[in-house]
1. I'm trying to understand the selection: among the residues of segment 108-119, which are under 18 Å from Val53 (Cβ atoms) and either open to solvent by 40 Å² or more (accessible area, probe 1.4 Å) or part of a loop (DSSP other than H, G, I, E, B) (or both)?
2. Restricting segment 106-137 to residues that are within 15 Å of the ligand (Cβ to nearest atom) and out of contact with any His (no Cβ under 9 Å at 6 or more places or on another chain), which is nearest to Glu232 (Cα to Cα)?
3. Please count how many residues of segment 304-333 are under 19 Å from the mean Cα position of the chain (by Cα), within 16 Å of the ligand (Cβ to nearest atom) and in a helix (DSSP H, G or I).
4. Can you name every residue in segment 95-107 that is part of a loop (DSSP other than H, G, I, E, B) and more than 9 Å from Val53 (Cα to Cα)?
5. Are there any pairs with C-beta distances below 7 angstrom linking a residue in segment 209-236 that is at positive phi to a residue that is hydrophobic (A, V, I, L, M, F, W, C) and surrounded by 22 or more Cβ atoms within 10 Å (Cβ to Cβ), with the two at least 6 apart or on different chains, and if so which?
6. Output the qualifying pairs, or none if there are none: Cβ atoms under 6 angstrom, residues six or more apart or on different chains, first residue in segment 261-277 and in contact (Cβ under 8 Å) with a residue 12 or more places away in the chain, second residue near the ligand (Cβ under 7 Å from one of its atoms) and of a type in the set (S, T, N, Q).
7. Could you check how many residues of segment 270-288 are within 16 Å of the ligand (Cβ to nearest atom), within 20 Å of Ser81 (Cβ to Cβ) and open to solvent by less than 50 Å² (accessible area, probe 1.4 Å)?
8. For segment 138-178, how many residues meet the condition of being assigned to a helix (DSSP H, G or I), near the ligand (Cβ under 9 Å from one of its atoms) and of a type in the set (Gly, Ala, Ser)?
Amino acid sequence: MRMVEPKTRQNPNHLGLPVKQLKQVFGDRLQENEPLARYTSARIGGPADAFLVVNSVRELSETAEAIWRLGLSFIVLGSGSNVLVSDAGVRGIVVLNRAKEVRFEEEDGEPMVWAGSGASLSVVARQASARGLSGLEWAVGIPGTIGGAVVGNAGAHGSDMAASLILAEILHRPVEMGPVGLAGGEPSRETWLVEQMGFSYRSSTLKRQPGEAVVLAALLRLGRSTPDSQSEIQARVEAFNEHRRRTQPPGASMGSMFKNPPGDYAGRLIDAAGLKGTRIGEAEISSLHGNFFINRGNARAQDVKALLDLARTSVAEKFSVDLETEIQLVGDW
Ligand code: EPU
């Protein structure tokens, strides 16, 4: 998920959606009033007024261009693992990214993998490990798409996308956006080297400037293994999997809710505040890990938001630490 402000994002199309024009451009591809709960890992979220599925990098690029040409903006939903979509849903356009192409390549003997932004990071990581290629073991088991991982600099076990990325292929929206219904300038297709991504802990320039660009694909660095190190790759994957099974709850969740504050852990702080197991409606702070909130059935976004506020307030009062959300709040609140 990307292109959404960390805090509540307002309706991007202030004048309302020109549904007729959208239908002219997208025909039957345009779905109206599509419930988003079925596309989020927490199984929470109201409807999107307009919903489009893209199945390739090319389709993603063409769809983004067409929307921008109408003077509109959109939200990209990847695997919906790092977002809390409001119960009211989204009064704009949501693009579901299923651009899942993956190619293993080699340049000057160096292995790498090119992946569409809608590919699952975890699947790509597993494919690499199974081929005896190292470098992405940390990402096995991380929910989310390649695009979401690039924007949010996803990480685990001491590594992150910043350490793996060679470059990202980006489509930047026209610098001059026209008013709704009128074409602005031309979008530009750009290649951003890792140094240009402005990566920091769980963030990037793209995350800090939501709506400006969409990640089309990423090229990730891999390492070649010898027969000996092949078993080491598998051992690392197994150890990380085991750590996750032991420390993170199964079931419908959004992954880590808050970023870890400098020098501490959000999960530890929420735990120390005595909040594990707390429920509001059918949303629960996991009793296994304080930074995971579970949908026990039909939790509402509002309940999860109330738990977020409770955790933030309690941790601030007890430990004077301001927790910052890692998940992104999407839609009308
Ligand atoms: N802890 C507690 N109580 C809890 C939870 C954790 O005391 O209820 C303590 C643990 O004992 C440990 C420390 O807090 O000493 C850190 O916990 P953990 O090892 O589970 O890692 P984390 O910092 O909570 C991070 C990532 C995860 C990633 C794991 C594994 C963040 C915000 N989260 O979790 O990423 O899977 O490390 O490397 O950086 C995600 O970002 O969505 C995500 C799942």
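1. Hits for segment 108-119 are Ser117, Gly118, Ala119.
2. Taking segment 106-137 as the starting set, the residues that turn out to be within 15 Å of the ligand (Cβ to nearest atom) are 120-122, 125, 136-137.
When the remaining residues are screened for being out of contact with any His (no Cβ under 9 Å at 6 or more places or on another chain), the result is 120-122, 125, 136.
On the way: Ser120: 23, Leu121: 21, Ser122: 18, Ala125: 15, Leu136: 13 Å.
Filtering segment 106-137 for residues that are within 15 Å of the ligand (Cβ to nearest atom) and out of contact with any His (no Cβ under 9 Å at 6 or more places or on another chain), the one nearest to Glu232 (Cα to Cα) comes out as Leu136.
3. Looking only at that region, the number is 2.
4. Ala99, Lys100, Glu101
5. Gly211/Met3
6. As it stands, the answer is Ala266/Asn260; Ala266/Asn291; Gly267/Asn291, since those pairs meet every condition given.
7. Total meeting the criteria: 4.
8. Number of matching residues: 1.
The values are calculated or read from the model by the stated rules, or taken from the named source; none is laboratory data. Since we're looking at a predicted model, the values are computed, not measured. We place every Cβ from the backbone using ideal geometry, glycine too, and count neighbours over all the protein chains shown. All accessible areas refer to the heavy atoms of the entire protein, side chains included, with ligands and DNA or RNA removed. Shrake-Rupley method; radii C 1.70, N 1.55, O 1.52, S 1.80 Å.
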